[in-house]
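This report refers to the structure that appears directly beneath it.
Taken together, the values in this text are just the output of simple stated rules run on the coordinates, not laboratory data. Predicted model, so just to flag it, every value in this text is computed and none were measured. Counting neighbours? That spans all protein chains shown, and the Cβs are built from the backbone with ideal geometry, glycine included.
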Amino acid sequence: MVASETRRFSKVLIANRGEIAVRIIRGLRELGIRAATIFSDADRRSLPVLLSDEAYPIGPAPSLESYLRAEAIVELALEIGADAIHPGYGFLAERAEFARQVEKAGLELIGPPSTAIAAMGSKLESRRLMIEAGVPVVPGGEGALADLDEATALAESIGYPLMLKASAGGGGKGMRLLREPGELAAAFRATRSEAAASFGDDSVYIEKYIERPRHVEIQVLADQHGTVVSLGERECSLQRRHQKVVEEAPSSVVSPELRARMGEAAVRAAQAVGYTNAGTVEFLLDPSGEFYFLEMNTRLQVEHPVTEMVTGIDLVRWQIAVAQGEPLAPELRSIEPRGHAFEVRLYAEDPFRGFVPSPGKIERLRLPEGPGVRNDCGVYEGDEVSIHYDPMLGKLIVWGRDRREALLRLRRALEEIRIEGIRTTVPLYRALVDDPDFVAGSLDIEMLDRKLGSGELEPAHVSQLADLPLIAAALEHGLRQARASATPAPAGGRRGHWREAGRHEALRGRR
Ligand code: ADP
C-alpha cells in the first residue's frame, strides 16, 4: 500500500449518545484526534458532552428530531471541519441512505460502504449473497414467495416448525413462528400486509425454525486493501425477548476447529458484500454443532468489549485506522482468545416489574473496580436517565484467566456495584451468576425467557442500599456458618465453589 492512500483525521463527529459516544471519545483521544459530539435538549449535561472536545446541539429530545437528523448531522460535520463521522450503533448506524449522504459530502464514514449496508439490510438479498458465497444459511426458500400456493408447497417440503420472515424486517419485527400447517394462511397474509405497511416492502420468505439454538457471532475487521480477518466469537444466547443481556467470549461450546470454520464463513460473508471496517456476522448454532448465517450487523456492536478483553485488540482504534486507509496489521490474522470475558448490560429497567423502564435521577453511582474489571458507562452520579432513549446506562465487563475466574470476578463486581435512585437490572444478574445452567455454560436463546417465565430465576433481593460494613458482617457470618457445616463439595460439583464460600447465602440472608 502506498502512503498517499492513508490520511490522518484531525476531528471526528460522533453521531450518537450515551456509553457508545463515551467509548468513541476515548478511542479518538488516545489517537490525538479531536472528538466532537452532538446532543439533544435532553442530553445537555450528558457524559459525552462533558468529555468531548466540542459539543453541538442537534434538536429536541425525540430522536427523530435530533439523533436521526441525517442531513443536519452531515451539514454540521462539514461546517465544523470534521474529517469523518462515527455513527456508533443504533440511530443512523445501519442506514444505507445516511452512509450515502456521508460519502456524497466527501466525508469518511467510520463504518462500511453504503453498498454493504444496503446489501446486508435486506434479509433476502443477503441470504442470496451468502448462498452464492458458500456461507451456510438456515434451510428454506431463496426468493420472495409469490403467493399462498407457493408458500404452502415450500412449507411442506421444508417441514414445520417454520419461520415466516419479511425481507425488510428487523429488530425482531416482521417475523412469525409457525408450528403447524394450519397457521400458514393467516400468518402469510398478516406478515405481508404488516411488512408493506411498516417497511414499504411486502416480500416474505420462509426458513426452517431451529430449535433451541445458541446465538454465536463472529467479529470481523476489514481494511480497504482487501484484507478481512476474524477475531473470534461472542456467545450472546442470554437474551430477553430477543434482546441480548449478557455476552461472553469465547463461547464454551466453540472448539478451535469450529471457531476456524465459523471465522472463515464470516470472512466470506464480509467479502461477498465488499465489506470494510468492523462488522459482526451473527449465526445460529444448533445443538448438533451446525451453524447458519442469520444476519450481518454492519457496525460496532454493544458487546464489542468482550472481544477486546480476550484479544487485546482495541476495535475502535482499528475502526478509525481502517477508515483512514491504514492496512490491518499482519498479526491480526492469527488471533486466538486469551482467558474469558463477560459483559452484563446495565439497563435502567425494573426486573421486578416486568422490566418497565425506570427513568429518573441517579442519586448514587459506585462502579466496581479492581483487577480485570472494566466499566463502559455513559452516565455519572447525579445524571438524569431520560425516557426518550434506549434504557441502557452502560456495561460492566470482566476478564479472568478462564471462565470460572471470570464468573467469580463478575459475581464480586456485581456485589460492589451500587446504583441508587433508579431501578436497574443488576439484581437479575446477581441471581443469574448463581444459576446452575448459566454457571455450567449451558445456554440457548430462549433460556432466560423460560427461566423468567417459570419464576426459576428470581432476581436476587439484595438491597441496593446495603452498606459495605453490613455486607462484610453478613459475609463473615455466612462464612462461619459455612465452615461449621462444611461438607466436602461433590467432586466436579459445579456450584461447589459458591457453596463453600457461603457468600450468597450471607447476602440473601439480608433480605
Ligand atoms: P431481526 O433482523 O429482526 O433481528 P433475525 O433474523 O436476526 O431478525 O432474528 C432475530 C432472532 O429471532 C434471532 O436472534 C433468533 O433468536 C430468532 N430466529 C430468527 N430466525 C430463526 C430461525 N430460523 N430459527 C430459530 N430462531 C430464529
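For this structure, a couple of remarks:
- Between residue 71 and residue 163, the modelled label-to-label distance comes to 3.6 nm, taking each label 7 Å out from Cα in the direction of the beta carbon.
- Those trypsin sites (Lys or Arg not before Pro) in the stretch 195-291 that DSSP places in a loop and that have at most 16 other beta carbons within 10 Å: 241
- Cβ-placed point charges (K, R +1; D, E -1), dipole of the stretch 11-110 about Cα centre in debye, nearest 20: 240
- Gyration tensor (alpha-carbon) shape descriptor, the chain, a/c threshold 1.5: oblate
- Taking the charge dipole of the stretch 203-327 about its Cα centre, with +1 at Lys and Arg Cβ atoms and -1 at Asp and Glu Cβ atoms, the residue from 297, 226, 325 reaching farthest to the positive side is 297.
- Whether the stretch 214-454 is rounded, prolate or oblate, judged on the alpha carbon gyration tensor where a/c under 1.5 counts as rounded: prolate
- Positive minus negative residues near residue 110 (Lys, Arg vs Asp, Glu; Cβ under 12 Å): 0
- Partner lysines whose Cα lies under 23 Å from the Cα of residue 11, excluding those fewer than 8 positions away in the same chain, are identified as 104.
- Among the listed pairs 123/165; 244/451; 244/395; 123/244; 165/244, those whose Cα-Cα separation exceeds 18 Å are 123/244; 165/244.
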